[in-house]
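The values are calculated or read from the model by the stated rules, or taken from the named source; none is laboratory data. These numbers were taken from a predicted model, which means no experiment stands behind them. A quick note on method: Cβ atoms are made from the backbone with ideal geometry, for glycine too, and the neighbour counts reach across all protein chains shown.
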Amino acid sequence: MYFAAAVLAILSGLFYAAGNHEIGSLGVEMCRYGGAFCDNPYIVLLGAGAAAVWGTFVSIR
């Protein structure tokens with residue numbers, strides 16, 4: 001789950017950069033298919049946080 005949380009956190013950063021037109025043609029393609037995430041990258045970041053919390057929860061013995 002920590003791997004999923006890390007991937008989602010990285011994707012959140014990429015969507016943030018794409019929404020601010022900072023990564024060129026890759027950002028245009030990302031926002032074409034994931035426009036809602038470019039407008040609100042915190043949604044993906046919340047998913048990363050939830051995955052991290054869940055990973056911590058299931059690893060407690």
Q: Show the residue pairs that are 6+ apart or on different chains and have beta-carbon atoms under 8 Å apart, the first residue being within the stretch 1-12 and under 13 Å from Phe37 (Cβ atoms), the second being at pLDDT 95 or above and outside any helix (DSSP H, G or I).
A: none
(Q) Against the condition in contact (Cβ under 8 Å) with a residue 40 or more places away in the chain, of a type outside the set (Gly, Ala, Ser) and surrounded by fewer than 17 Cβ atoms within 10 Å (Cβ to Cβ), how does Val58 come out, does it pass? (A) yes
Q | Subset of the stretch 1-47 [closer than 30 Å to Phe57 by Cα and of a type in the set (Gly, Ala, Ser)] | A | Ala4, Ala5, Ala6, Ala9, Ser12, Gly13, Gly34, Ala36, Gly47
Q | Residues located in the stretch 1-22, provided they are surrounded by fewer than 18 Cβ atoms within 10 Å (Cβ to Cβ), more than 23 Å from Ala51 (Cα to Cα) and not acidic (Asp, Glu) | A | Asn20, His21
Q. Out of the stretch 4-26, which residues are farther than 16 Å from Val44 by Cα and either in a helix (DSSP H, G or I) or under 9 Å from the mean Cα position of the chain (by Cα) (or both)?
A. Ser25, Leu26
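Where residues in the stretch 35-44 are buried (at least 18 other Cβ atoms within 10 Å of the Cβ) and of a type outside the set (Val, Ile, Thr), which of them is farthest from Phe3 (Cα to Cα)? First the steps, then the outcome.
To start, the set of residues in the stretch 35-44 that are buried (at least 18 other Cβ atoms within 10 Å of the Cβ) comprises 37-38, 41, 44.
When the remaining residues are screened for being of a type outside the set (Val, Ile, Thr), the result is 37-38, 41.
Working: Phe37: 20, Cys38: 22, Pro41: 19 Å.
For the stretch 35-44, the residue satisfying everything is Cys38.
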